[in-house]
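Chemist: For reference, the structure I am asking about is given below.
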Amino acid sequence: MHTPRVYSIVLSMVFTAFVGRTASAQLVVSANDGKMRLVDGVNSPIPNAPADTVTVIDLRGAQPKIVGEVQAPASVIGPPQSVAIAPDESIALVTASTKLDPGDPAKTAYDDKVTVIDLQSSPPKVIATLQAGTGASGVSINRAGTLALVANRYEGSISIFTIAGKTVTPAGKVSLNAPESQPSGVAFARDGRMALVTRNNDSVISLLTIDGAKVEYAKRDLGANLKPYGIEVAPAGDVAVVASIGVGASGGADLVSVIDLTQTPPRVVDHASVGPLAEGIAISPDGRYVAVTIINGTNSAKASPLFKDFGLVRVLGLSNKKLTPIAEAKTGRWCQGIAWDASSRRVLVQCMVEREIQTFTFDGKTLTPGAAIKVNGGPAGIRTAQK
């Protein structure tokens, strides 16, 4: 028979564990391009542009809270999965595919930067700046937190980085044997033994095999749709979803595709039409939903018949490896990345023109707009930790 003191001790331990768990932050990191803006449908450098920034936001609580900002290279060119957070939220990696041309600030040039940010420092701080390959774009960290991959958009390769605590070390490159393929997004399989790379220019998805820090191109590709871009693996590890950007607004409705990872080799098993130019994509932490940002002609010239003054965020149900439309809402213009909070009940959408992150609550049926988060620069890449 337990005494009241034993019950008191047990309850105290449970309460302490609960408080410790809920007191920990749930972070989202936004990379903000300060040097570019949309001028009547043209992505244009800003004269005397301010520095690019990275904003760290705590999603715990009723309202998201900015906990810090650092200056670091970022770029709107490439998929908005240009941020990766370690599973323990100790560090973030932010890539930059372009920079202002040192010889002519009215133009851009390719970049190769990977910035390592200490998220446990108060405030967050940059602890290393590394080099990947030309056009460093999509980046992901495996669930073990020991390996990162960066898609080098303008040289057809993948850069490998090992991670030990907060130390990130370059560990070579993998060539896709297709310099013009424009690798854009990269995602690890849940067991960390395979990765998938979207090739935006030649419209295939390449498979990589992984053994420790050894990464090789499996010389196996699969088709999804025209110009695959963003990619993410479901928490259960059974599927990946891919957003395709097609040929832009003039191409009409673009698609989100489901890749069955349980089959050998993996293959596409379903598609859903979502609208013109599917930019950012994210699977909810509970694995039940896929959220996608739709540019919807907001990056066209105002005189164009394709121009719209609002974008869209759409949520699809993901069940039995099939996609089903559930909800949509209007967003701002030229919106980029998208992320869920840990509850799978809040969605964050980056909008470049408004220079803010728009928030929506989701009750399983409807998206309801909430307060926006203003950032310094155009928000162009976003991620939460993939746990």
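Chemist: With Cα Rg over 2.2 N^0.38 Å in mind, check (i) 0.92; (ii) 1.08; (iii) 0.96 and report the label derived from this structure.
Modeler: Label of the calculated value: (iii).
Chemist: Sorting check: for 306-316, 221-231, which peptide has the highest mean count of neighbouring beta carbons within 10 Å, and how do the rest follow?
Modeler: Per-residue Cβ counts within 10 Å, averaged per peptide and sorted highest first, yield 221-231, 306-316.
Chemist: Top mean-square fluctuation among 278, 301, 240, Gaussian network model of the chain, C-alpha springs under 10 Å?
Modeler: 301
Chemist: Express in whole angstrom the spacing between the alpha-carbon centres of the range 296-320 and the range 248-277.
Modeler: The distance from the Cα centre of the range 296-320 to that of the range 248-277 comes to 17 Å.
Chemist: Kindly provide the helix-only [θ] at 222 nm of the chain, computed as the sum of -39,500 (n - 2.57) over DSSP H runs of four or more divided by all residues, to the nearest 500 deg cm²/dmol?
Modeler: After summing the helix terms and dividing by residue count, I get -2000 deg cm²/dmol.
Chemist: Going Cα to Cα from residue 365, which aspartates and glutamates come in below 16 Å? Please leave out same-chain ones fewer than 8 positions away.
Modeler: Partners found: 286, 328.
Chemist: Taking springs between alpha-carbon atoms closer than 10 angstrom, which of 178, 339, 92 fluctuates most in the Gaussian network model of the chain?
Modeler: The residue that fluctuates most here is 178.
Chemist: Over 21 Å between Cα atoms: which of 302/374; 227/387; 173/387; 173/219 fall into that group?
Modeler: 302/374; 227/387; 173/387
Chemist: Residue 301 versus residue 109, label points 7 Å from Cα toward the beta carbon: distance in nm?
Modeler: So the label points at residue 301 and residue 109 sit 3.0 nm apart.
Chemist: Under a point spin-label approximation (7 Å from Cα along Cα-to-Cβ), what is the residue 127-residue 180 distance to one decimal in nm?
Modeler: Placing both labels 7 Å along Cα→Cβ, they lie 4.2 nm apart.
Chemist: Report the FRET efficiency, 1/(1 + (r/R0)^6), for residue 374 and residue 88, where r is their Cβ-Cβ distance and R0 is 30 Å, rounded to 0.05.
Modeler: 0.55
Chemist: Sum up the charges of everything whose Cβ sits under 15 Å from the Cβ of residue 127, counting Lys and Arg as +1 and Asp and Glu as -1, but leave residue 127 out.
Modeler: Net charge in that neighbourhood comes out at +1.
Chemist: Considering only protein heavy atoms, what per residue accessible area in square angstrom results for the chain with a 1.4 angstrom probe?
Modeler: With the other protein chains kept in place, the chain gives 41 Å² per residue.
The values are calculated or read from the model by the stated rules, or taken from the named source; none is laboratory data. Everything quoted here is computed from the prediction, not taken from an experiment. Reconstructed Cβ throughout: ideal geometry from the backbone, glycine too, with neighbour counts over all protein chains shown. Accessible surface areas use protein heavy atoms only, side chains included; no ligands, DNA or RNA. Shrake-Rupley method; radii C 1.70, N 1.55, O 1.52, S 1.80 Å.
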